[in-house]
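One structure below.
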Amino acid sequence: MWWFQQGMSFLPAALVIWSGAAFVFSFITAVTLHHVDPLVPYISDTGTSPPERCLFGIMLTISAFLGVGTMYVRYKQVQALNRGEVTVFRLNQIGLALGLISCLGLCIVANFQKTTLIQAHVVGAVLTFGMGIIYLLLHTIISYKMQPVVHGVGIFWVRCVLLIWCASSILSMFVSSVTLYMTVPTIEMSKKLHWNPSDKGYLLHMVSTISEWSLAFSFLSFFLTYIRDFQKISLHAEVDLHNDSLYDSFHGLERNGECSALLAGSL
């Protein structure tokens with residue numbers, strides 16, 4: 001049995017692979033069609049012009065649903081493994097709520113590009129990464145409280161390093177982006193897709209874009225740490241029939257003369 005066939009490990013793996021593919025495929029398409037510069041554009045810029053806009057939007061929307069599934073399964077897992085600790089229980093609930101908001105933000109980013117409605121795009125990005133990094137923080141704390149009984153200390157340190165990487169990336173992106181918009185106020189930044197090294201603010205632009213790509217992949221890498229945990233989870237459904245036949249109730253009503261009354265009422 002392959003590793004992705006064990007339990008539900010395919011879910012976080014699919015989330016990371018699919019989301020990474022959404023970024024990479026739209027980037028390759030945009031660069032090939034000369035819609036963006038090949039040297040580290042903003043991720044959202046690679047999904048601005050058609051046809052990559054459709055690819056970017058559809059794939060990220062699917063990523064949002066994969067994220068919802070992954071975060072919900074993680075929530076149920078922590079809930080089942082929690083040994084009555086109230087703090088873990090509450091952090092897990094808050095984490096699920098923030099994770100769902102982060103996925104909603106990803107849907108907004110997927111469907112509102114910066115060149116069409118910049119305000120909605122910015123709100124979606126803030127929800128995605130702002131709520132997302134708090135989600136990572138909460139589950140890093142949960143990992144600390146659940147080790148070494150539930151899992152080893154190593155997984156906590158891996159998640160802690162990824163959290164620091166993600167936090168440093170978002171801080172770098174925020175500072176460089178704000179400084180860029182204050183330094184170059186005359187340029188319509190939301191519509192500028194091509195940069196030259198001689199342009200004012202080019203260095204800040206590069207720092208901002210590199211930080212954004214670093215943030216995206218550090219954020220996704222956190223979910224790779226769920227794979228081993230999800231290998232121990234299985235999903236199954238139970239069917240409980242209340243009658244020996246699906247039509248017992250219908251025949252009973254017919255025998256009691258109630259069938260015609262029900263049909264008449266439905267008309």
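The values are calculated or read from the model by the stated rules, or taken from the named source; none is laboratory data. None of these values were measured; they are calculated from a predicted model. No Cβ is skipped: glycine too gets one built from the backbone with ideal geometry, and neighbour counts run over all protein chains shown. Heavy atoms of the whole protein, side chains included, go into the accessibility calculation; ligands, DNA and RNA do not. Shrake-Rupley method; radii C 1.70, N 1.55, O 1.52, S 1.80 Å.
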If R0 is 51 Å, what FRET efficiency do you get for T179 and F65 from their C-beta distance, rounded to 0.05? 0.90
Give me the net charge of H205's neighbourhood, meaning all other residues with Cβ under 13 Å from the Cβ of H205; Lys, Arg count +1, Asp, Glu -1. -2
Binned Cα-Cα distances of region 1-141, short to long, each 5 Å bin given as a whole percent: 2, 11, 17, 19, 17, 13, 10, 7, 4, 2, 0, 0
Pairwise FRET efficiency - V239 versus V153, Cβ, R0 = 51 Å, nearest 0.05: 0.75
How many percent of the accessible area of region 26-130 is carbon or sulfur, using a 1.4 Å probe? 74
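If we count every other residue with Cβ under 14 angstrom of F25's Cβ, Lys/Arg +1 and Asp/Glu -1, where does the sum land?
Here the count lands on 0.
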Computed for region 112-227: size of charge dipole around the Cα centre, +1 on C-beta of each Lys and Arg, -1 on C-beta of each Asp and Glu, debye to nearest 20, value 80
Heavy-atom accessible area per residue - region 64-108, 1.4 Å, Å²: 49
Order these peptides, 135-146, 76-87, by their mean beta-carbon neighbour count within 10 angstrom, highest first. 135-146, 76-87
